[in-house]
Structure formats: structure tokens, C-alpha cells
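Written out below as C-alpha cells is the structure these notes cover.
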Amino acid sequence: MLEYIVEIEHVYKSFPGVKALDDVSFHLKSGEVLALLGENGAGKSTLMKVLSGIYTRDSGDITIFGEKIGVLTPKKAQELGVAIIHQELNMCAHLSIAENIFLGREKSHSGLLSNKEMNKQAKAILDRLNIDLDPETIVGDLTVSKQQMVEIAKALSTNAKILIMDEPTSALTSKEIDDLFGIIRKLRDEGCGIVYISHRLEELQYIVDRVTIMRDGRHITTMNFAETTMQEIIENMVGREIKEKFPKVVCERGKKILEIKNLNVGRLVRDISFDIYEGEIVGIAGLLGAGRTETTRAIFGVDPKESGEIILNGEPLTINKPMDAIKAGIVLAPEDRKKDGLCTKLSVRDNIALPNLDILCNALGVVNKGKEDEMVEDTISKLTIKLPNAEVDAISLSGGNQQKVVVGKWLARNSHVVIFDEPTRGIDVAAKVEIYNLMNDLKMQGIGVFFISSEMPEIMGISDRILVMCDGRITGELNIEDATQNLILEYATKFDSKVITSNAQ
Ligand code: ADP
Ligand code: MG
């Protein structure tokens, strides 16, 4: 009997500018649930995509069921019994459950598709998982959790022996999580090896046998779950030292600029209240799906609020759409700046001037060229945007300078609050420092800076105050002097319901 059904040794995988996997080794046994843990960007998904043939490794060895594998394609991985269930589901909404399960492998009977046979086999798989669903139901009519169960059924129909689940519970209710755990335990008892990726540390105790922790693309440790503690797991996830350098400026905290009171939008923005003062950077920490982006979208008027007040410099605002926020002086540098923040095909000049035409045009709608030149030059010099001239395409700038254009175009209108959503994602270290300097500049000009980041060192290094969100609520607020990575992570995993109940072991 093989001790390990998956042996990954010294695997490397780089993307342009990132070492996503840096000498990672990983081992999985049959009949175990292994939790793969790490902060956002640690390399968990990449490692599992390598194992399922979606990404090709740069180097390193992979052995599956004792067979050393050369080129691993998705098809080869499936033949070997590897199945991956992604966080985003991959279903055809207009097809039935049976059709989805057998998609691409439709059962044919003398050349014709045999629906009857497919339905029968699909039913057998659903029964094996104790899933009470009619195989002829259209998948689009199912809840997310039921769709996920169909994905699992699909994986099993290919005889999966190695099942990878990448954050499967993030969209589920507690009852649904219970059901999912029931299925996971059943598969484990049948001898499947299961890799379970989740940010919900408190749920691990119900299903997990071992944990493997990754950080910065490296394997940090693997431990038996029963022999470790939450404290030890968290310490290994966050690491102890902050490696990057953060330029920190200290200013006097001034008057209150922005006040958010009892904001509610759906499940991910629940009773959010906080203030921002002049001369401070407020960081907002939390794990994927905590509701941080949704909160900023609600403030900015992208999504309609159910209730709540937004008060700027003492005046209540009515914000129903982004333009209302912009006109009032609240601006957002969105997460995906190429998609939402910048017209990459336009010149830097146009990127700065176009959104401000309302103040650049005279009553007849004619642009005042002198005013435009002044605005463009001012913005470029104030934010020290590095470029040959304002006519170059925005796409040609470095990530840090692009970000400055995104923000700069709004600052030209005398803004009071700037919200940054993951401003340093996907940019190199030097550009990151440029953005930290930009945030510091804004802070010194008396502009309130509010920023979302999933990178703990950055949140700790640049904020004056930190709000932590989990599951749509603010679960903690820390002055920077009191903040520790462990404390932030503790708040970030403070789910309000004890999710697991009935069939927990
Ligand atoms: P995790 O799943 O632990 O959050 P990932 O494996 O998704 O982490 O990412 C690890 C690193 O690799 C991150 O820096 C991420 O930005 C980068 N990365 C992942 N996939 C790609 C890709 N397709 N192209 C470029 N960079 C990527
Ligand atoms: Mg991931």
C-alpha cells in the first residue's frame, strides 16, 4: 500500500514578476482530508492547478499513485483520478443535472444519446452521496450549494480519487456546510484523498486530518491537526516579520471628514459604521469575500443602499450613483484599474480631462483648452507622474504611475476622501512604494485615505488605524500601535454563527 497517493517534490512555477511556487513539496494520503492554508496570494490555488494539469509547472517532480508524471495535462490528471472543484462553479445553467455530470462524455446507445441511461447513472451517483435531487432538474434552477454538490457528483462520475476543493464553503449557509461536510467524510471513508482550501479556520476541526501551510509561494509546514493549535496555524500563515519597507509619515489627526452610519446592502454589508479623520490612513483588512469591496461600492454609489447615512464634513449626502459621490468629493480607485479605472487606449491627458469635462467646458459645451492644460499639468506635477509627455497612452505607464492617473483625475476636482481598493495588487515592489508615497501625500494634504488590502504587511505598514471585516460586518478596530497580525487574523475569521451543528463528529 502506498503511503502517499500524491507526491509533489520541489515544484517551481513563475508568472511574469511573481514566483507563485518556490520549491514547494506537498504530499497527500488516501483516506485523509488535508487542509491547504495560507493568506491570499500564498500559492494554494496555483499549486492545485498544477496538480490538476491546468498550469504547467516550470520544474519539479509529480508522482500520482506511484507513477512519475511527465507532462500533466487536464485530461491526464482526470484519467489519474484528480478532480478539482473551483471556487467559481463551472456549470451549464440551461442543462440538466445529468447532462452536466456527463458533459462531453454523453452516454450513447447505438449512436444516439441515451438520456435514460445518463439519468440512471446520474441518479446512482447522487444516491451514493445521499443527495436528494432529480437528475433531470435544470442546473440553473438550483441553489449555489446544490450546484456545488452536482460538481462533486460530476467529479465522482470520473472516478476521482483525489478531490480538490478550493474554498467551497464561502458561499454556503451553515446547513449547506453541514451537508457538504457529510459528503466529504463519506468520500474520505471510501478512500479518497481530499485537499480542502478554506479561510474559515474554525470549521477545520470538523473534517481535517492534516494541515499544510503555505506562505509567499513556499511550503512552510505540514502538521497533524490534532497536534497543533489555532495559534500555531495562524503564526505559520502570517509569518512573524514584515519584510517590505513602508514609508511612514506622521501627521496630526484633524477634524472628522467622513462619517458612515449603519450602512446595509445585502449579506456582505451589514450595519457598517465608521469615521475617517483628516491626516489619517484607515486600512480595511479581511479575507476574500468579507465584504470590503461591497462596502466601498455602496459608499461610492455603485450598488444601491438598503439603509444608512453618509456624512461628509458634517453634511449628509445623497449618493445614488458614482457621479454623486465624485461631485461631493469622494473618489474611488477601483480594484481592477485596467477595467474600471483607466481608459488604457486613451492618452494620459484624455484620462485626466474627460471625466472633468463638466468643469472644463463653458456654458456652450466648448472645452477651455487653457484650463485643461492647467489641470493636466497640475495633476502630473502634484502626483509626480513619470511620463515623457501627457499625450502618451495610459497603458504605456508603469503600474504605479497608472494608479496615479486613476487617482489624479479625481483629485483635480478638490476631493476630500480617496478610497483605494487593493491598490498594489499585481505591481512590483518599487511601484508599491510609489503608491504608498501617494497615499501619504494625500494624507498630508488633509485628504482622508481609506484603503482595502489583502496583504497584511501592507495594512500594518501604512495604516494609522485598521478596521477588520468578516462576513459583512466590522469585527474589529485597532489603532496601529495595538495591531498585531494575529489579532487582525483573529478578527478576520470571527464569523458570527457557529456554522457546524448536526452531523459534526
Ligand atoms: P492563493 O490561492 O494562495 O490565494 P494564488 O495561487 O492564487 O494564491 O496566487 C499566488 C501568486 O501567483 C499571487 O501572487 C498571484 O497574483 C499569482 N498568480 C496566480 N495566478 C496567476 C496568473 N494566472 N497570472 C499571473 N499571476 C498569477
Ligand atoms: Mg486561491
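I'd like to check something: does segment 23-46 contain any residue that is in the same structural domain as residue 218 (by TED's automatic domain parsing), more than 30 Å from residue 181 (Cα to Cα), open to solvent by 20 Å² or more (accessible area, probe 1.4 Å) and more than 16 Å from ligand 2 (Cβ to nearest atom)?
yes
When only residues in segment 158-194 that are open to solvent by less than 30 Å² (accessible area, probe 1.4 Å) and within 16 Å of ligand 2 (Cβ to nearest atom) count, which is nearest to residue 74 (Cα to Cα)?
164
Can you name every residue in segment 47-58 that is closer than 11 Å to residue 82 by Cα and within 12 Å of ligand 2 (Cβ to nearest atom)?
Hits for segment 47-58 are 48, 49.
Restricting to segment 12-42, name every residue that is under 12 Å from residue 214 (Cβ atoms) and within 12 Å of ligand 1 (Cβ to nearest atom).
Within segment 12-42, 20, 21, 22, 24, 36, 37, 38, 39, 40, 41, 42 qualify.
Among the residues of segment 275-292, which ones are out of contact with any Leu (no Cβ under 6 Å at 6 or more places or on another chain) and either without any contact (Cβ under 8 Å) to a residue 60 or more places away in the chain or more than 16 Å from ligand 1 (Cβ to nearest atom) (or both)?
Matches in segment 275-292: 275, 277, 278, 279, 280, 281, 282, 283.
What are the residues in segment 250-266 that are of a type in the set (A, V, I, L, M) and open to solvent by 40 Å² or more (accessible area, probe 1.4 Å), if any?
The one that is of a type in the set (A, V, I, L, M) and open to solvent by 40 Å² or more (accessible area, probe 1.4 Å): 250.
I'd like the full set of residues that are among the small types (Gly, Ala, Ser), away from ligand 1 (no atom under 12 Å from the Cβ) and not in a strand (DSSP E or B), limited to segment 43-90.
52, 53, 66, 70, 77, 81
Which ones in segment 151-178 are in a helix (DSSP H, G or I) and farther than 18 Å from residue 35 by Cα?
151, 153, 154, 155, 156, 157, 174, 175, 176
Restricting to segment 195-234, name every residue that is open to solvent by 60 Å² or more (accessible area, probe 1.4 Å) and either modelled with pLDDT under 95 or not in a strand (DSSP E or B) (or both).
Within segment 195-234, 205, 215, 216, 226, 227, 229, 230, 231, 232 meet the criteria.
Which of the residues belonging to segment 150-209 are within 16 Å of ligand 1 (Cβ to nearest atom) and either of a type in the set (Phe, Trp, Tyr) or under 20 Å from residue 268 (Cα atoms) (or both)?
167, 168, 169, 170, 196, 198, 199, 200, 201
What number of residues within segment 457-470 are surrounded by fewer than 21 Cβ atoms within 10 Å (Cβ to Cβ) and either without any contact (Cβ under 8 Å) to a residue 40 or more places away in the chain or within 19 Å of the chain's Cα centre (by Cα) (or both)?
So the count comes out to 1.
Does residue 84 satisfy the criteria of being within 13 Å of ligand 2 (Cβ to nearest atom), assigned by TED's automatic domain parsing to the domain that holds residue 142, within 30 Å of residue 123 (Cα to Cα) and buried (at least 21 other Cβ atoms within 10 Å of the Cβ)?
yes
The values are calculated or read from the model by the stated rules, or taken from the named source; none is laboratory data. Remember, predicted model here, so these are calculated numbers, not experimental data. Virtual Cβ from ideal backbone geometry, glycine too; neighbours counted across all protein chains shown. For the accessible areas, the whole protein counts, side chains as well, though only heavy atoms, and no ligand, DNA or RNA atoms are used. Shrake-Rupley method; radii C 1.70, N 1.55, O 1.52, S 1.80 Å.
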